[in-house]
Amino acid sequence: MKKSDVVKMIFDHDLNKERRREKGSAFAPTNIALCKYWGKRNVELNLPVTSSLSIALPDKGALTTVSVCNDVSDNIVLNGNKLNQDTPFVIRTCQFLDLFRANTKWFLDIDIKMNIPVAAGLASSACGFASLILALNDLFNWNLSKRELSILSRLGSGSASRSLWMGFVEWHAGVQADGMDCYAEPLRWEWPGLNVGILAVSHQAKSVSSREAMQRTIDTSALYGSWSKKVAHDMPLLKQALQNKNFSLLGGTSESNALTMHAAMLSSWPPVCYFLPETLAFMQKIWKLRQEGLDIYFTQDAGPNLKLLFLEKNAGDVKEQFHDIEIIRVFP
Ligand code: PMV
């Protein structure tokens, strides 16, 4: 099954007929996984091996505006700079758009304002694809449900399926070959007082894409077999932590989940290592601070930056320890 078959299943009519507005626009927040998505059961459709659970960062993400242009290709402006047609970002975005212009050829002016660095492990592709699909839904008046939009976002980037909501979100792995049961949904719990801190180590784009790193882990890591077990263990614990507002359970489970994912990557061949010396130095500092009584945990994605988890009451202490940290209140 191809991505275009999924698009056909969702749209049973000509996608872009009539009803078009002049502009479509939408914001999507970036999301940080507390239980990670690592590995695909279907590479073409971005169907994951396991379910995952994330938290949205309300202030961080992508605002995308689209309008139909008279050109013969899409024009993409990212944070005020027009991108060359041969950049990976443009190629990937245009290929995604191709899915939606089956019968009718249209090209778009796309303006993206993103307040996180691109491809540095801060989920830029998640908020990028989610905001693009929401903006298309707005432009073409598709009136799709959030579930359908989550499925379509997933075709751009797996973690984008989770970027359509604020707060905690679960992405169901599903079992169907067509992935129609593989979408994200918001979880009912809120946690005012929960903070995420971004500890930026490097804003450089990563050298190995998460797509490639995932595949290499599946193909070569002897540890990958334990990943599903780890997720099956962590998911209920995270939900229990959310339900009971048990912060050390939330933080400890998230940190351990991220480290297990990185352990599997490190044991791939050739090894995939997203740690820089500064990443490790920060981890060691966090472990030491925790021993000294500061309730603080981290998670890390496919890049060297860390995201810290802590409660509002400790924000002052955290700021004192990490001067350059950017603190985000996840339920403002
Ligand atoms: O959606 P992708 O292909 O960018 O992969 C995301 C992978 C991680 O960020 C490491 C984990 C996750 O669940 O977001």
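The values are calculated or read from the model by the stated rules, or taken from the named source; none is laboratory data. Just so it is clear, the model here is predicted, and its values are computed rather than measured. Here the Cβ is made from the backbone with ideal geometry for all residues, glycine too, and neighbour counts use every protein chain on show. Surface areas here come from the heavy atoms of the whole protein model, side chains and all, with no ligands, DNA or RNA. Shrake-Rupley method; radii C 1.70, N 1.55, O 1.52, S 1.80 Å.
Observations on the structure shown:
- Formal net charge of residues neighbouring ALA200 (Cβ-Cβ distance under 11 Å; K, R +1; D, E -1): -2
- Each of PHE27, PHE298 has its accessible area taken with a 1.4 Å probe; listed largest first, they run PHE27, PHE298.
- Rolling a 1.4 Å probe over the protein heavy atoms leaves MET114 with an accessible area of roughly 10 Å².
- Calculated FRET value between LYS319 and LEU280, using beta carbons and R₀ = 22 Å, to 0.05: 0.50
- The slack between SER67 and GLN215, meaning 0.36 nm per residue of separation minus the straight C-alpha distance, is 49.7 nm.
- Summing charges over neighbours of LEU187, with a neighbour being any other residue whose Cβ is under 10 Å away from its Cβ, gives -1 when K and R count +1 and D and E count -1.
- Taking the longest Cα principal axis of the chain as reference, the axis of helix 227-244 is set at about 80 degrees.
- For segment 294-332, the residues whose backbone nitrogen is under 14 Å from a point 7 Å from the Cα of LEU259, taken along Cα to Cβ, are 296-300.
- Amide H partners (placed H, <5 Å) of LYS40, local residues excluded: VAL49
- Computed label-point distance, nm, for sites LYS8 and TRP189 using a 7 Å Cα→Cβ extension: 4.2
- Taking the three principal axes of the alpha carbon atoms in the chain, the coordinate ranges are 63, 39, 39 Å, sorted in descending order.
- Each peptide among 101-107, 30-36 gets the average number of other Cβ atoms lying within 10 Å of its residues, and from highest to lowest they stand as 30-36, 101-107.
- Reducing segment 255-332 and segment 29-77 to their Cα centroids gives an inter-centroid distance of 23 Å.
- Rounded to 5, percent antiparallel among DSSP beta bridges of segment 3-186: 90
- Crossing angle, helix 277-291 versus the chain [Cα axis fit, 0-90 degrees, rounded to tens]: 50
- Near ASP234, once Lys and Arg are set to +1 and Asp and Glu to -1 for all other residues with Cβ below 14 Å from its Cβ, the sum equals +2.
- Beta bridges per DSSP with both ends in the chain, % antiparallel, nearest 5: 90
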